[in-house]
Amino acid sequence: MLVEMQVSDLIAAASRVEDHVKLTGLRLTETSSWSREPPTAAQLQTGMTINVTARSDGTRVIADVEYNVRAEERECGGDQAGERCWEVKCHYSVEYEAYTDVALATQDLEAFGIMSTTLTIHPYARAFIHDITAQMGYPPFNLPLLTTRDLAEMAKNAKITV
Amino acid sequence: MSWFNDTPETRRLFAEEELLLAATELVAQAIEERGITRQELARRLDVRPSEITQRLAGARNLTLRTFASMMDALGFKVLLGKCERDAQPGPARAMSLQMQEDQTYQPNVRYTSTGARIQLVREAC
């Protein structure tokens, strides 16, 4: 279980997959965005959820990373408290070629998807969301920078959905 | 033979309309540069959107005060200039109007605390 692993074990698990694959493709497969007209003065609270899947068919590893970022007007009294201002989703699919015959453990694949693939995608998602929020008329939003350790900590607290 | 009946009265009327047109064109240009809608400008000025449309269409009297407030809401200052009216009979040249971006203008929207989490999605067996 990822949640029971130490940060160093998560990093090691991801490395075990990295040693046997090489990146062959990266695509932005789907995006959606929504916004309302910007308020004249407001503090916006933002939240980011990253959904990760990783699977292997023997010759390839395919990882999907979906960013879901939204901003809500911060509750400070008045009629507009908590109202959603904008939301952006972007879905990336990353393909790797497995160039060895080593069987990749599911847990290692999941750690690889969360840590390695997300780190690969993050700069692209960051640039995309920066541009989209600017075009919406809001100040451009910059996703926080992520390190391997940040992702490992998030992996330990990862919610698992089916 | 000019189509323009050049009298002091018509010349004055033409000068007024020419300046009004230059001002409304400048506002329209500023709106386009900012990439906002007329509805948003109306919200910033606390007026109805129809008010903005009527001002830009010339249906309402555009005073210097309303012109300045519109440009300020768009984050611009207005620079005025003048030039000699032509000595020859005919329409007078318009006073030059320029807009200058207000470097201190910032939309007052700030981001606070980004909560981040990861969800691992597993395929159903």
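The values are calculated or read from the model by the stated rules, or taken from the named source; none is laboratory data. From a predicted model like this one, the values you see are computed outputs, not experimental measurements. Every residue, glycine as well, gets a Cβ built from its backbone with ideal geometry; the counts of neighbours run over all protein chains shown. The area values use the complete protein model at the heavy-atom level, side chains included, leaving out ligands, DNA and RNA. Shrake-Rupley method; radii C 1.70, N 1.55, O 1.52, S 1.80 Å.
Just one residue in the set A:ALA125, A:ALA71 is touching a residue at least 40 places away in the same chain (Cβ under 8 Å), surrounded by 22 or more Cβ atoms within 10 Å (Cβ to Cβ) and more than 11 Å from chain B (Cβ to nearest Cβ); that residue is A:ALA125. Between B:GLU9, B:GLU33, B:GLU17, the distinction of being assigned to a helix (DSSP H, G or I), open to solvent by 50 Å² or more (accessible area, probe 1.4 Å) and touching a strand residue (DSSP E or B) at 6+ places or on another chain (Cβ under 9 Å) belongs to B:GLU33 only.
The single residue among A:THR106, A:THR46 that is within 10 Å of chain B (Cβ to nearest Cβ) and surrounded by 14 or more Cβ atoms within 10 Å (Cβ to Cβ) turns out to be A:THR46.
Whether a residue is crowded, with 19+ Cβ neighbours inside 10 Å, facing another protein chain (nearest Cβ under 10 Å) and either at pLDDT 90 or above or not in a loop (DSSP other than H, G, I, E, B) (or both) was assessed, and A:CYS85 passes this test. Taking (1) open to solvent by 40 Å² or more (accessible area, probe 1.4 Å); (2) modelled with pLDDT of 95 or more; (3) within 12 Å of another protein chain (Cβ to nearest Cβ) in turn, A:THR31 satisfies each apart from (3). The residues of the stretch A:145-162 that are more than 20 Å from A:SER93 (Cα to Cα) and surrounded by fewer than 13 Cβ atoms within 10 Å (Cβ to Cβ), listed by number, are A:LEU145, A:THR147, A:ASN157, A:LYS159.
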